[in-house]
Amino acid sequence: TVDISPSARFCIKECEIITALYLGIEKLKAAEDALAPPVEDITPRLAALSPDHPDNICLSSFDPAYYASLSNEDKAGLERCMRSGIENPDSSMGCYACQPEDYDRFKPFFSKALAKYHGVPEDAKHVNDWSLEGVEGLPADGGLDIAKLGLPELSMRVRVGRNLKAFPLPGAMTKQQRCDMENFMLGAFAKLIAMPEYGGKYCSFTPGHPNYVDAAEYQKLVDAHIAFKDMSADKYLLSAGIAQDWPHGRGVYVSEDRGFIIWVGEEDHLRIMCMEKGTVLNKVFDRLKAALDVVNGIEGLEFAISPDYGVVTSCPTNLGTGMRASLHIQLPYLTADGTDAKAKAIATPLGLSVRGLGGEHTPIGADGTVDISPSARFCIKECEI
Ligand code: ARG
């Protein structure tokens, strides 16, 4: 970095000095751009890779003609979004947005990927709506109480992913930006701490942070399902640039009753969630909506929203609502063979995912407990999930 300034002071007008600076910079920029190394054309590499990996949505959504039409800057930007799927051909989705605008900036690519994954038309538009009023299938009293199904209190959780408009998405953040984002959120946490229904504390994993929790305390938070795991064990997130600089800029806000939690610096800037052992799904849903309104109402805090796609998340699988609503249920007979195959045979056609208890790609509980959640995130309303 250099400091550039017009040299003249005498017999030149002030207006000419500032204009001379602008005109000189224009020439310097052109000279700099001419020396920049050309961006690698990824087309031949992908043409060789794609036929062997038809289930990789990132690879199958790549259109050489669209790519060729892009400027060098946009070519590099699109390659950045595709990097995880290229480096990990076994990916199912394989791409991640790196900037809040990427879904709109690279719409010809992402609209294909979204259509394939979510089973929607390429020109689909997402609508957000939390109001349960008039939702098809809702019991007459509006209550989603699993006690009415003869079930005991179960562990239930609703989470949403959110990203701040003011920062790059986690895949493109520098270490400094990760820490700046964490520190920006301290203002929001102060506001939550002052509210009896959400009050609690912020635990930072960033060494040297005033709210730092040490390794032993961090592990306790992980064991209590409050903190998220070290992301650098995830090859997809590493290739995407999302897991870098761990544990800097990472932490969790947790309410006194431990039922309201915000993850900071995981796959999305924020993962905001409510969890409770109970029977009434409305309770976690309504509490999350109210908390979200508080966070959303904080001065200077603006979530990234796409005009056509709704809530912006790093991964296109979460786009739209960013919402996963789940509960843990014991299905000892359906899982008597030690697998979730029978549960999946029933759940999958209903649009429900069956997962293990440790989240994505983890085994089911030894007692037959599984994690059930609606699979859809995009082109579905929160109230419908
Ligand atoms: N990138 C990985 C893949 O394509 C994970 C995608 C979904 N999971 C997620 N946590 N976003 O297989």
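I'd like the full set of residues that are polar (S, T, N, Q) and away from the ligand (no atom under 12 Å from the Cβ), limited to segment 62-92. Residues satisfying the conditions are Ser69, Ser71, Asn72. With respect to the numbered conditions (1) of a type in the set (A, V, I, L, M); (2) over 22 Å from Ile242 (Cβ atoms); (3) assigned to a loop (DSSP other than H, G, I, E, B), which one is the sole condition not fulfilled by Leu21? Looking at each condition in turn, Leu21 falls short on (3).
Among the residues of this structure, Cys81 does not count as one that is part of a loop (DSSP other than H, G, I, E, B), within 21 Å of the chain's Cα centre (by Cα) and at pLDDT 95 or above. Candidates in segment 207-248 are the residues that are touching a Pro at 6+ places or on another chain (Cβ under 9 Å) and more than 16 Å from the ligand (Cβ to nearest atom); of these, the one that is nearest to Met173 (Cα to Cα) is His248. Just to be sure, is Ile385 more than 25 Å from Asp230 (Cα to Cα), part of a loop (DSSP other than H, G, I, E, B) and in contact with a Pro (Cβ under 6 Å, 6 or more places away or on another chain)? When the stated conditions are applied, Ile385 passes them. When the residues of segment 44-61 are filtered to those that are within 15 Å of the ligand (Cβ to nearest atom) and among the hydrophobic types (A, V, I, L, M, F, W, C), the one that is farthest from Phe109 (Cα to Cα) is Leu49. I'd like the full set of residues that are free of Cβ contacts under 8 Å to residues at least 12 places away in the same chain, of a type in the set (Lys, Arg) and assigned to a loop (DSSP other than H, G, I, E, B), limited to segment 120-171. Scanning segment 120-171 gives no hits. Restricting attention to segment 274-314, the residues that are buried (at least 21 other Cβ atoms within 10 Å of the Cβ), among the small types (Gly, Ala, Ser) and over 30 Å from Ala172 (Cβ atoms) total 0.
Screening Gln99 on (1) away from the ligand (no atom under 16 Å from the Cβ); (2) touching a Pro at 6+ places or on another chain (Cβ under 8 Å); (3) not in a loop (DSSP other than H, G, I, E, B) shows it passes everything except condition (3).
The values are calculated or read from the model by the stated rules, or taken from the named source; none is laboratory data. Quantities reported herein were computed from a predicted structural model and do not represent experimental measurements. When we count neighbours, we look across all protein chains shown, and the Cβ atoms used for this are built from the backbone with ideal geometry, even at glycine.
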